[in-house]
Amino acid sequence: MSLSSPAALAANAPAADGQIVTQTFIEQVLDNANTAKAMRTMSTLLAKDDVAALKAHIRQLPPLTREATLYRLLSSPLPLNNDHWRRYLAELSQQQPHFLLRHQQDGYWVTTPAFHYAAAARQQLNRYREQQLTQELGMLLSYRQLVIADWIKPSQPGYRQRRDALVAMIDEYDSDGLAYLVEQYLTDPTLMWLPDNAILAAIAQATDRPALYDRLWRRGTDQYSLNALHALRQRANDGFALQQMMAAADNPSLRGPAIRQLANLSPLPAPVADFLMSQLSLRQGQQVAQLLVEAGKDEWLSGLGDELGPLGRQHIASALSSR
């Protein structure tokens, strides 16, 4: 059965699994009077913390109105201090919506829930857990009782949430507290075995400690170390940032992005120019020359002939000839 017009609203019959609706139909259902009325009732009951009445009201709604209203209600942050409400959200998060939307995505036809209230319920619960973790973390940090290696264990459930909570806290933490975290990273070798660079990158960026950046560039590259490298580009007038961009180039998987960032500086700071000249004479100098050409540094390259050896000149000639 396919529902594609407002006429289907009138019947709002019990839903069979997998009813297909259109995007236009979804928008009309979300905005119609039945949904708006149900939404007002549900919001009132939620404000009163009357979960039993709320569940009873939801059960008696027609399927289409029920799914649309639940989706609207759960798509905005809600207070979650009531245990009964959280348990009900856990129930909703496990349900399978009946109404489906079939649409193209990246050249393929995909089918997704039209009113994905189950996913919205999961997001509400995740937000609550994040708030609880943030409160716990704030208490541990304020009393200097946080042991990072105990707080986040990659083998345990919730690793990502705990990691993200700590990263968010680092962005707002005071210098004394950051020094407490830095000391752990510099003295606890187990932290070097975390599966990603999120926490290390956040502490390095918040403190500008060379030792932390040194550890970051020596670890495997991921989105967090790349983001830290890109952030340094915004501080091109800062000698420390320039030094770290050059240091990042020692990591083979960061070399290309780091050299590209340096090559695109204009004008080239003297330390960067010296660094790039030294890189041109290495076996991998062809890549450096090519990135400099792409950055519009042809004239600068052309003037280096007498300052480089045969290999460096060869790299420059090859890059300039490929324009």
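The values are calculated or read from the model by the stated rules, or taken from the named source; none is laboratory data. Since the model is a prediction, treat every value here as computed from it, not as a measurement. Note that each Cβ is placed from the backbone with ideal geometry, even for glycine, and that neighbours are counted across all protein chains shown. Ligands, DNA and RNA are stripped out before the accessible areas are found, and what is left, the full protein with its side chains, is counted by its heavy atoms. Shrake-Rupley method; radii C 1.70, N 1.55, O 1.52, S 1.80 Å.
How would region 49-192 be classified by its alpha-carbon gyration tensor: rounded, prolate or oblate, with rounded meaning a/c under 1.5 and the a/b versus b/c comparison settling the rest? Note, shape of region 49-192 comes out prolate. Within the same chain, lysines fewer than 8 places from LYS37 are excluded, and of the rest, those with a Cα less than 19 Å from its Cα are LYS48, LYS55. For region 303-313, backbone phi angles converted through the Karplus equation (6.51, -1.76, 1.60; θ = phi - 60°) give residue-by-residue couplings of x, 9, x, 7, 9, 10, x, x, 5, x, 5 Hz, Gly and Pro being listed as x. Scattering from region 221-323 was approximated by placing one identical point on each alpha carbon and applying the Debye formula without solvent; log10 I(q)/I(0) at 0.10, 0.15, 0.22, 0.23 1/Å stands at -0.25, -0.56, -1.14, -1.22. With the helix formula -39500 (n - 2.57) applied to DSSP H stretches of n ≥ 4, the chain reaches a computed 222 nm mean residue ellipticity of -19500 deg cm²/dmol.
Think of each Lys and Arg Cβ as +1 and each Asp and Glu Cβ as -1; about the Cα centre, that makes the dipole of region 174-245 roughly 320 debye. In order along region 179-187, the Karplus-derived 3J(HN,Hα) couplings, from 6.51 cos²θ - 1.76 cosθ + 1.60 at θ = phi - 60°, round to 4, 5, 6, 4, 4, 5, 5, 8, 10 Hz, and Gly and Pro are given as x.
Ranked by the mean number of other Cβ atoms within 10 Å per residue, highest first, peptides 193-200, 181-188 order as 193-200, 181-188.
With N counted as the residues of region 71-110, its alpha-carbon radius of gyration over 2.2 N^0.38 Å works out to 1.67. Dipole of the chain computed with +1 at Lys/Arg Cβ and -1 at Asp/Glu Cβ about the Cα centre; of HIS84, LEU141, GLY177, farthest Cα towards the positive end is HIS84. Under 5 Å between amide hydrogens, built in the peptide plane, is the criterion, and for LEU100 it picks out GLN19, ILE20, VAL21, ALA114 among residues at least 5 positions away or on other chains.
Assuming 0.692 mPa s and 37 °C, estimate D for region 277-323 with Stokes-Einstein, Rh taken as the Kirkwood radius over Cα pairs, in µm²/s. Result for D is 329 µm²/s. Note on LEU276: accessible area is roughly 0 Å² with a 1.4 Å probe, heavy atoms of protein only. For region 97-203, the relative contact order is 21 percent, taking Cα pairs closer than 8 Å that sit 6 or more residues apart in sequence and dividing their mean separation by the residue count. Site pair TYR108 and SER76 shows an inter-label distance of 3.5 nm when each label is modelled 7 Å from Cα along Cα→Cβ. Calculated FRET efficiency, ARG129 and THR187, Cβ-Cβ r, R0 30 Å, to nearest 0.05? Plugging the Cβ-Cβ distance into 1/(1 + (r/R0)^6) gives 0.50.
Highest mean first, the peptides 116-128, 46-58 sorted by other C-beta atoms within 10 Å per residue fall in the order 116-128, 46-58.
With both labels modelled 7 Å from their Cα along Cα-to-Cβ, the LYS37 to GLU307 distance reads 8.0 nm. Taking a point 7 Å out from the Cα of ARG87 in the direction of its Cβ, the residues of region 35-53 whose backbone N falls within less than 13 Å of it are 51-52.
In order along region 162-174, the phi-based Karplus estimate (6.51 cos²θ - 1.76 cosθ + 1.60, θ = phi - 60°) of 3J(HN,Hα) comes to 5, 4, 5, 5, 5, 4, 5, 5, 4, 4, 10, 8, 7 Hz; Gly and Pro are listed as x. Remark on region 107-174: Rg and Dmax equal 16.3, 53 Å (Cα only).
Across q = 0.10, 0.12, 0.14 Å⁻¹, the chain modelled as identical point scatterers on its alpha-carbon atoms has Debye log10 I(q)/I(0) values of -0.82, -0.92, -1.01, in the order of the q list. Note that region 127-249 shows a convex hull volume over its alpha carbon atoms of 108 Å³ per residue. The charge dipole of the chain, taken about the Cα centre with unit charges on the Cβ atoms of Lys, Arg (+1) and Asp, Glu (-1), comes to about 940 debye, rounded to the nearest 20. Once the Cβ-Cβ distance of ALA211 and SER266 is raised to the sixth power relative to R0 = 41 Å, the FRET efficiency obtained is 0.85.
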